[in-house]
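**Q** Once you've had a glance at the structure underneath, I'll fire off some questions.
The values are calculated or read from the model by the stated rules, or taken from the named source; none is laboratory data. What you see is a predicted model, and the numbers here were worked out from it, not measured in a lab. Cβ placement follows ideal geometry from the backbone for every residue including glycine, while neighbour counts extend to all protein chains displayed.
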Amino acid sequence: MNFRKIVSSVVSVLVGYSSMFAALPECTPQNVEKYKKICRENIHKVKKGMYREPKGSLRHKFITPGCDAYLDNLWDWDSWLSGIALCQIMLETGSQADINECMEYQKGCIYNALDYCGMDGYIPIIIAPNSPSREEMISQINVYDSNMHKPCLAQQAAFITKLTGGDAEWIRDNLNKLATFVNKYMTYHRDKATGLLYWNDDFMIGVDNDPSTFYRPRNSSASIYLNTLMYKELLAMKYLSECLDMPSNAAAYGRDASELRDSIIKHCWDERDNFFYSCDLNLLPVEKFSDSGFHLHQSAPRDYDCVLQRFSVWSGFLPMWAGLATPEQARGMVERNYLDERLFNAPAGVYTLAPTEKMYNIKPTQNPSSWLGPVWTCANWFVWRGLVNYGYEKEARELAEKTVLMLGRDFERFGELHEYYEPVTGEPIMNKGFQNWNLLVLNMIAWLDGRDEVREF
């Protein structure tokens, strides 16, 4: 054996040796049961640790993500997803009084957000106890050309309403504000040619450095993440309108949802890859020639309104979560994309960006948070729910078990959870103490056990 082969052999042994200790626990029935128990026990202990009392600009009770870095702030989609997880905890461990209390904190999140909603429909992404007044806040920005609270507020209201038997009277007096918020998205954040919604820029979009939006020109990214959320938001408004006996409003929101669904399928679905992508709207206008002379584009004018951004980003699975994908599309997404270990199927769950992408990078970053490959529990949960929705139970079970092993081991080793994780080994990357949507693993555990689970709207 020559020197090069000896070195190669030694390296292989060392890599295997190190990975043996870094790898996730083996996915055996015994380990899954062990880590389900660890997750449940630890999560049940903190069931009220995310509650916050009114303070400063936040006039109502609210929910925080749980980490010290976010101690007393109200975040948009964080409070929505945290609320779903908290309701699962209350279903499993809480008294009726506990459940009622949880509802009050969730309603408070919505009331606080709507306190900052004016006739323009703008609601900030984050509200802190020391946040300036609405008047001062909007004096510093162009509210019609700025990112705002993600379209999940109506979904949060619909979730609470559905969970409490369809009684929406608690939101009736504020429904006009909620409608103004939704209408702002549909009026000022929507591309006329495609019917798709776009981010104004990459400021606090949630999936922070998604390459389809990150450092992109203003008003150019028709994000599949944003559009899918908006589709569900319109359905939520339809549901709330029905609960409040407003049939004409309900019908209008239903039509808007159908039109947006058609736009998403028309422009974001790629038959070649069997996947949903974000779209680039940053195209020059089509020329209208006023004379008969030579023109560069006269024989081949542009007849399309956007181009696909073929980045393999986890949010391409969101149409399965939202139920807008056809069964045929779902099959292609699962078989051609989800099951491919080169793309999304990681040992710890779902790669948020496929390793095949040039931008793939799992180094720790906080501002923005890294979504360039690391596993986030909320991404695992959204994809898992989509798999369940379309009947892919085997795949859903595997993903749920991966999530249980990753988070259970984190609890076992560190006593707390982290914000995001290394996709191959499941090692925590940063932000110890982060609870938030990590607690949605309880939904997965309940489903695995065949027990009642709390469903988002």
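**Q** Conditions: (1) touching a residue at least 12 places away in the same chain (Cβ under 8 Å); (2) hydrophobic (A, V, I, L, M, F, W, C); (3) over 18 Å from Gly450 (Cα atoms); (4) out of contact with any strand residue (DSSP E or B) (no Cβ under 7 Å at 6 or more places or on another chain). Leu71 meets all but one. Number of the miss?
**A** (1)
**Q** Hey, can you tell me all the residues within segment 30-62 that are outside any loop (DSSP other than H, G, I, E, B) and within 21 Å of Cys102 (Cα to Cα)?
**A** Within segment 30-62, Cys39, Arg40, Glu41, Asn42, Ile43, His44, Lys45, Tyr51, Arg52, Lys55, Leu58, Phe62 qualify.
**Q** Let me ask another. When residues of segment 1-28 are filtered for being over 23 Å from Phe414 (Cα atoms) and either modelled with pLDDT of 50 or more or not in a helix (DSSP H, G or I) (or both), how many remain?
**A** Summing the residues that are over 23 Å from Phe414 (Cα atoms) and either modelled with pLDDT of 50 or more or not in a helix (DSSP H, G or I) (or both) in segment 1-28 gives 2.
**Q** Let me ask something else about it. What number of residues within segment 410-457 are in contact with a Cys (Cβ under 6 Å, 6 or more places away or on another chain) and charged (D, E, K, R)?
**A** Looking only at that region, the number is 0.
**Q** Criterion first (of a type in the set (Phe, Trp, Tyr) and assigned to a helix (DSSP H, G or I)) does Trp371 satisfy it?
**A** For Trp371, the condition - of a type in the set (Phe, Trp, Tyr) and assigned to a helix (DSSP H, G or I) - is not met.
**Q** Take residues that are hydroxyl-bearing (Ser, Thr, Tyr), under 24 Å from Met320 (Cα atoms) and in contact with a helix residue (DSSP H, G or I) (Cβ under 7 Å, 6 or more places away or on another chain) and tell me which of the helices (runs of 4 or more DSSP H) falling wholly in segment 135-243 contain 1 or more.
**A** 153-163, 175-188, 224-243
**Q** Okay, next question. Please state which one of Tyr360, Tyr277, Tyr304 is in contact (Cβ under 8 Å) with a residue 40 or more places away in the chain and hydroxyl-bearing (Ser, Thr, Tyr).
**A** So the residue among Tyr360, Tyr277, Tyr304 that is in contact (Cβ under 8 Å) with a residue 40 or more places away in the chain and hydroxyl-bearing (Ser, Thr, Tyr) is Tyr277.
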